[in-house]
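Every number in this text was worked out from the coordinates using simple rules, so none of it is lab data. Fair warning: this is a prediction, and the values are worked out from it, not measured in the lab. For neighbour counting, all protein chains shown are included, and Cβ atoms are generated from backbone atoms with ideal geometry for every residue, glycine included.
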Amino acid sequence: MARAILHDLPLKHFSARVEGEAARLEERLGAPLQGVHEIAPAAFADMAAALGLAVGFAQTRLHGGWLWVRTRRQRLDLGRISARGLAALGADPARVMLVETRDHTAALRAIDEAARSRAIGAVIAEVESADFTFTRRLTLAHEASATPVILVRSWRTEGSTAAHNRWRVAAAPSAPNAFDPHAPGCPRWQVTLERSREFPQRAGETFLMEMDDAPLRVRLVPTLADGAPETRPHHALAG
């Protein structure tokens, strides 16, 4: 059973299979986070899964604190961020600086300023919308500061932006627990690389990802027992 990081938003479980793997993508997931990423839930009920994956991605940035930006409306709709949930995903709550803004415009301003800072390890931001112009500004800011940005979008997110990758995520049953078959194992997500400027040849493929406790990172689940990976096409174009 995957772990939620919100008090009020439980994870919804989906059955998932290993449906694709690329060595370069695996290497990228294990490396320190770079670029501007969008993570969108497959449905509203998958918002906690999207936030969990965002935390997993940010875990590769072990220096500096994270800046987490959200609006007051998002707190009222989704609940507060749980320090216990962050710790369950291997994150140190003491390293997370939470910024709550009055409205969406103020949130975009905070994200833009944080992306230009070299003192922040990573930026996680829950945004109602982010157009091509704004995401282009973030990619330029990242090129100057090397501060990665993870935009957690709405499940209604569509269209093209300047982000390096867009991941569409749903919760998946957790990995088996090696010590107790009745206990939850590592959190897992069913993830579609919906749009990608970094891996255009992989766009549209669906993967099973999980949190790896040692080393602490998000990784692709190994291929099926028979060694034959599968790929399910998804009707999305590379941006």
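Points worth noting:
- The residues neighbouring I81, those whose beta-carbon lies less than 9 Å from its own, together hold a net charge of +3 under the Lys/Arg +1, Asp/Glu -1 convention.
- Given +1 at the Cβ of Lys and Arg, -1 at the Cβ of Asp and Glu and no other charges, the dipole of the range 23-213 around its Cα centre is 500 debye to the nearest 20.
- Label positions at H104 and L76, each projected 7 Å from the Cα along the C-beta direction, are separated by 1.5 nm.
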